[in-house]
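Trainee: Mind having a look at this structure? Questions to follow.
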Amino acid sequence: MAEFEPQLNNSASKTTSPKHFYDEDSWKTPTGFELAWFSTGCITLLISLAKSLIIISRQSTGFRGWIEPVVAAILGYVLGDLGTGIYHWAIDNYGTAKTPVFGSQIEGFLRHHDHPSAITKRHVATNLYVGAAGFTIAVLPMNIFCTNPNLLAFASAFLGCGMFCQQLHAWSHTPKGKLPPLVVALQDSGLILPRAEHAAHHHQPFDSHYCIVSGVWNRVLDKCKIFWAMEMILFFIFGVRPRSWSDLDSK
Ligand SMILES: [Zn+2]
Ligand SMILES: [Zn+2]
């Protein structure tokens with residue numbers, strides 16, 4: 001949120017300083033590549049929704065036929081929050097800008113710690129195209145070959161969280177007065193990431209509140225020190241220290 005002004009220099013994010021992270025003019029106009037993936041992701045989501053509705057309406061189970069897909073979609077949404085937490089934790093703590101496939105994501109998340117309000121200024125396609133690409137690659141084949149509405153509903157909701165989480169994340173950084181009333185209501189209800197919930201992540205060493213869909217998993221993950229346990233396991237097996245330990249040391 002705009003209230004989070006740059007407050008620190010995350011040690012690992014100093015490794016590179018590409019111009020595009022600071023060129024606000026370039027953020028306002030998405031590239032054709034970003035627009036193409038974003039559009040493809042949205043179309044894939046619509047196809048998935050349409051196919052699920054067609055399959056369910058063709059069944060002769062009446063109202064009962066809707067219950068399982070709806071429950072599957074809710075389950076996908078809830079677990080999607082957990083998925084974004086695990087991904088965010090991994091990206092924040094391991095790898096560098098030069099890591100294959102994930103390098104730009106790692107760099108982007110670390111830059112975000114230094115410049116948290118930048119995400120609110122980028123075009124939606126620029127923020128979401130990576131998630132949209134992942135969603136398309138995973139869900140489009142399911143749309144073609146899968147005829148199970150429960151599986152389609154679960155996968156669409158779960159992977160849709162990955163596609164749209166950066167928009168929910170951006171809204172959590174946006175001042176309340178600049179958000180549509182519906183978004184504020186959803187944030188206040190906890191159905192999407194509340195601003196205060198995500199604000200708790202933006203403190204050195206950035207080692208908590210990783211989930212960015214609704215944040216519903218944050219409390220249990222942080223209270224039970226799940227990520228700390230995973231970091232210890234990885235450290236003892238591979239000898240790799242997470243970035244948050246270095247940030248804690250420097251602090
Ligand atoms: Zn982070
Ligand atoms: Zn953030």
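The values are calculated or read from the model by the stated rules, or taken from the named source; none is laboratory data. Predicted, not measured: the structure shown is a model, and the values here were computed from it. Positions of Cβ are generated from backbone atoms using ideal geometry, with glycine treated the same way; all protein chains shown enter the neighbour counts. SASA here: full protein model, heavy atoms, side chains in, ligands and nucleic acids out. Shrake-Rupley method; radii C 1.70, N 1.55, O 1.52, S 1.80 Å.
Trainee: Residues in the stretch 74-98 that are of a type in the set (S, T, Y) and in a helix (DSSP H, G or I): how many?
Mentor: Summing the residues that are of a type in the set (S, T, Y) and in a helix (DSSP H, G or I) in the stretch 74-98 gives 3.
Trainee: Can you name every residue in the stretch 195-251 that is touching a Gly at 6+ places or on another chain (Cβ under 8 Å) and acidic (D, E)?
Mentor: E197 - this is the single residue of the stretch 195-251 that is touching a Gly at 6+ places or on another chain (Cβ under 8 Å) and acidic (D, E).
Trainee: Write out, first by first residue and then by second, each pair whose Cβ atoms fall under 9 Å of each other, whose residues are 6+ apart or on separate chains, and whose first residue, in the stretch 186-209, is more than 22 Å from K225 (Cβ to Cβ) and in contact (Cβ under 8 Å) with a residue 60 or more places away in the chain while the second is of a type in the set (F, W, Y) and open to solvent by 60 Å² or more (accessible area, probe 1.4 Å).
Mentor: Final answer for the pair search is R195/W171.
Trainee: Filter the stretch 183-204 for residues that are crowded, with 19+ Cβ neighbours inside 10 Å and either within 10 Å of ligand 1 (Cβ to nearest atom) or polar (S, T, N, Q) (or both) and give the result.
Mentor: Q187, H198, H201
Trainee: I'd like the full set of residues that are touching a helix residue (DSSP H, G or I) at 6+ places or on another chain (Cβ under 6 Å) and away from ligand 2 (no atom under 16 Å from the Cβ), limited to the stretch 80-95.
Mentor: G80, G95
Trainee: Next up: Pick from P149, P175: which is within 16 Å of ligand 2 (Cβ to nearest atom) and over 12 Å from the mean Cα position of the chain (by Cα)?
Mentor: Exactly one of P149, P175 is within 16 Å of ligand 2 (Cβ to nearest atom) and over 12 Å from the mean Cα position of the chain (by Cα), namely P175.
Trainee: Any idea which of V71, V101 is away from ligand 1 (no atom under 16 Å from the Cβ) and not in a helix (DSSP H, G or I)?
Mentor: V101
Residue-wise test of (1) at pLDDT 95 or above; (2) open to solvent by 40 Å² or more (accessible area, probe 1.4 Å).
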| residue | (1), (2) |
| --- | --- |
| I54 | no, yes |
| Q59 | no, yes |
| W66 | no, yes |
| V71 | yes, yes |
| G80 | yes, no |
| Y87 | yes, yes |
| Y94 | yes, yes |
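Trainee: Failed condition for K223, given (1) within 28 Å of A132 (Cα to Cα); (2) of a type in the set (K, R); (3) surrounded by fewer than 21 Cβ atoms within 10 Å (Cβ to Cβ), with all others met?
Mentor: (1) is the only condition that K223 fails.
Trainee: Right, another one. Failed condition for P141, given (1) surrounded by fewer than 23 Cβ atoms within 10 Å (Cβ to Cβ); (2) under 21 Å from C211 (Cα atoms), with all others met?
Mentor: (2)
Trainee: Follow-up question, since we're still on this one. Regarding V130, is this residue more than 22 Å from H203 (Cβ to Cβ), under 16 Å from the mean Cα position of the chain (by Cα) and crowded, with 16+ Cβ neighbours inside 10 Å? First the steps, then the outcome.
Mentor: Numbers: more than 22 Å from H203 (Cβ to Cβ): yes; under 16 Å from the mean Cα position of the chain (by Cα): yes; crowded, with 16+ Cβ neighbours inside 10 Å: yes.
Yes: the conditions hold for V130.
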